[in-house]
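Inspection log for the structure reproduced underneath, given as structure tokens.
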């Protein structure tokens, strides 16, 4: 029983605790997202926050590093990967809501060069010239995996061959864990060329970076997939986020940042 004299003190204590309780109830969606999607998903996240009042916390990095973090116990509600390899591994480990996965966008690797192009690179053939400094992704990263596949196709073509690839690899001065680091090396003048994504040379970087397309017969189409983690305490909110990614608004942001959009698993077309 609370005595009358103690009542004002008790009410004051409740008022002091109220903000903390409300803050604890504030929903927050944690999204682990491939670094190459940073521009597009920052916009999509802002739309989601404006429409739902739910805060989005992004962790942008190489998909392989994000996967390792999840495997080591890091909390996330949504996992967005630049290839299916990382997401499929988490599915096989029972860490994903397998029914929530869908491919929502595509991208294409490209040779990217500084705008001033001091090494005068015009295409793939120039990558084998002595003295050219090249930066690529690590083997474990999606962009590194795609680069390896592209080089394999070149090696199997008599127009280039394994000797050509050996010369290209001799010019590699750095391997990076995500495309942001590859682009940074070019911006800083530490490399003459890199293999990243076509989308990495758009919008704010257009004044600094130029993409050179890789011929289609050698190139790889990168597919981006998204899914909800089993550990998520906000399954419905995460589903709503994925629906936004696949909506017209989501597609507009993706297309603005150089991605190709695709029809999602539930039939929603990601198109403006």
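The values are calculated or read from the model by the stated rules, or taken from the named source; none is laboratory data. Bear in mind that the values here come from a model prediction, so they are computed numbers and not experimental data. Quick reminder, even Gly has a Cβ in these numbers, built from the backbone with ideal geometry, and neighbours come from all protein chains shown.
Only a single criterion out of (1) under 24 Å from residue 247 (Cβ atoms); (2) in a helix (DSSP H, G or I); (3) without any contact (Cβ under 8 Å) to a residue 12 or more places away in the chain; (4) out of contact with any strand residue (DSSP E or B) (no Cβ under 6 Å at 6 or more places or on another chain) is not satisfied by residue 68, namely (1).
Filtering 73, 45 for residues that are on the phi > 0 side of the Ramachandran plot and either modelled with pLDDT of 95 or more or outside the structural domain of residue 235 (by TED's automatic domain parsing) (or both) leaves a single hit, 73.
Evaluated against (1) buried (at least 20 other Cβ atoms within 10 Å of the Cβ); (2) in the same structural domain as residue 209 (by TED's automatic domain parsing); (3) outside any helix (DSSP H, G or I), residue 145 falls short on exactly one condition, (3). Taken together, the residues in region 182-218 that are assigned to a helix (DSSP H, G or I) and either surrounded by fewer than 18 Cβ atoms within 10 Å (Cβ to Cβ) or touching a strand residue (DSSP E or B) at 6+ places or on another chain (Cβ under 8 Å) (or both) amount to 12.
For region 148-181, a tally of residues being in contact with a helix residue (DSSP H, G or I) (Cβ under 7 Å, 6 or more places away or on another chain), over 21 Å from residue 209 (Cα atoms) and not in a helix (DSSP H, G or I) returns 1. Within region 90-120, the set of residues being in a loop (DSSP other than H, G, I, E, B) and either surrounded by fewer than 17 Cβ atoms within 10 Å (Cβ to Cβ) or out of contact with any helix residue (DSSP H, G or I) (no Cβ under 7 Å at 6 or more places or on another chain) (or both) comprises 93, 94, 115, 116, 117, 118, 119, 120. What are the pairs with Cβ atoms under 7 angstrom where one residue, in region 242-262, is at positive phi and buried (at least 19 other Cβ atoms within 10 Å of the Cβ) and the other, located anywhere, is modelled with pLDDT under 95 and in a helix (DSSP H, G or I)? Sequence gap at least six, or different chains. Here the result reads 258/198; 258/199, each pair linking region 242-262 to a residue that is modelled with pLDDT under 95 and in a helix (DSSP H, G or I). When 136, 70 are screened for being farther than 16 Å from residue 33 by Cα and touching a helix residue (DSSP H, G or I) at 6+ places or on another chain (Cβ under 7 Å), only 136 passes.
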